[in-house]
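Structure first, commentary second.
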Amino acid sequence: MATTPNHFFLYAMLILIFIFASPDFTAAQIGVCYGTNGQGLPPPPDVVALFKQYNIKRMRIYDPDPAILQALRGSDIELTLGILNMNLQEIAASIDTANSWVQNNVRNYGDVRFRNIIVGNEVNPNNPGTSQYADLLLPAMRNIRDALNAAGLDQVKVTTAIETEVLDPTPSKNFPPSQGEFRPELKPFLDPIVAFLVDTGAPLFANIYPYFAYVNNKQIDFNYAFLQPNSGIMADGVYYDNLYYALVDTMNAALEKSTATMFSTEQNGPKKPPPQVGGGETGVPTEGQPGRASIEGEGDATASIENARIYNNNLVRVVKNGTPRRPNSPIETYIFAMFDENQKPGDDIERHFGLFSSDGQPKYTVDFN
């Protein structure tokens, strides 16, 4: 999480449930977010070696770090590269700046396998922490897209990552998943972004954390939230095996409605498919104040190594399959995060999502095959 997630209100409404990627899929749909906001972390060459050792095929970083880009040269790791919110203004204001950014951070690393550029993270006009970037987001995305095209790099997709608070929290608009819609007041902000993604064939990444739903809603079943098999519910006449599928499909439905509104009339051209939904971030912390003291019937704290192991291993399994709404579309997903980041602001729990300790040893085993 590049910003502290504020998922509590929406997920409280999603309890009424009982409450992509570009088409060139590689074998593994799972990647890992590599944040660097911590002391004592391994140097980038060692981190790239860990990705290779544990068969992690995709990496997401939040801004272009030359040392990381250099370490990725010649590797088979696909990179999703971010642009920080604080840098949107200069890129939105100038195509020359966008061209320079692409030259310096993408084209100069021709032997790095760039997959996506995520422009901004969780920009939301309703969020006081990111509202100042709302008018800059789409112009920055367009400029980066134009700069990539000019550099002959049109295979790299340009997108953004959103938070689930953009969904309408009205109970009838978030369950069943087919009823998912964007908040009405956010449609003027989101619809043009969706149109851009439709026109360019890019996915939309959503930061989705079933963990936060679980720790704030005692009625949610642990097995359903932590993606355990055979723990699902019926919705829309189909079986939802886990909460992650339900949340992704709620976003899918919102995108379908947005796309249909813009592209379904003769004047706007033929009907077009909506963007794929990717999981920009998801994960479970291994320690910290969980917000819910314990799992009913067990004594373990929710934020624990064992629960993170359960969730992330199940995640690797479920994203290889499509959701009930998109049964033939594997979900490009990124686990948050490679390491604990002890310098992250916000709640203590934000600093304990790492798969690995700073000495490079895994906290628990995840089968990335």
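The values are calculated or read from the model by the stated rules, or taken from the named source; none is laboratory data. Note that the structure is a prediction, hence the values are computed from the model and not measured. As a convention, Cβ positions derive from the backbone with ideal geometry for all residues, glycine included, and neighbour counts pool all protein chains shown.
Counting only residues that are closer than 29 Å to Val119 by Cα, give me the helices (runs of 4 or more DSSP H) lying completely in segment 182-237 with at least 2 of them. Give the derivation first.
Details: elements: 187-200, 210-216, 222-225.
Output list reads 187-200, 210-216.
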Flag for Ser94 being of a type in the set (Ser, Thr, Tyr), over 20 Å from the mean Cα position of the chain (by Cα) and under 17 Å from Asn108 (Cβ atoms): no
Test: residue in segment 235-245 that is polar (S, T, N, Q), farther than 23 Å from Arg60 by Cα and modelled with pLDDT of 95 or more: yes
Count - residues of segment 318-369 that are outside any loop (DSSP other than H, G, I, E, B), modelled with pLDDT under 95 and out of contact with any Ser or Thr (no Cβ under 9 Å at 6 or more places or on another chain): 3
Among the residues listed as Tyr224, Tyr214, Tyr209, the single one being within 30 Å of Ala140 (Cβ to Cβ) and surrounded by 20 or more Cβ atoms within 10 Å (Cβ to Cβ): Tyr209
Segment 290-317 - residue that is modelled with pLDDT under 80 and surrounded by 15 or more Cβ atoms within 10 Å (Cβ to Cβ) and, of those, nearest to Gly232 (Cα to Cα): Ile295
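Yes or no, residue by residue, for (1) buried (at least 21 other Cβ atoms within 10 Å of the Cβ); (2) touching a strand residue (DSSP E or B) at 6+ places or on another chain (Cβ under 6 Å):
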residue: Ile77; (1), (2): no, yes
residue: Ala92; (1), (2): yes, no
residue: Thr97; (1), (2): no, no
residue: Trp101; (1), (2): yes, no
residue: Arg107; (1), (2): no, no
residue: Asn116; (1), (2): yes, yes
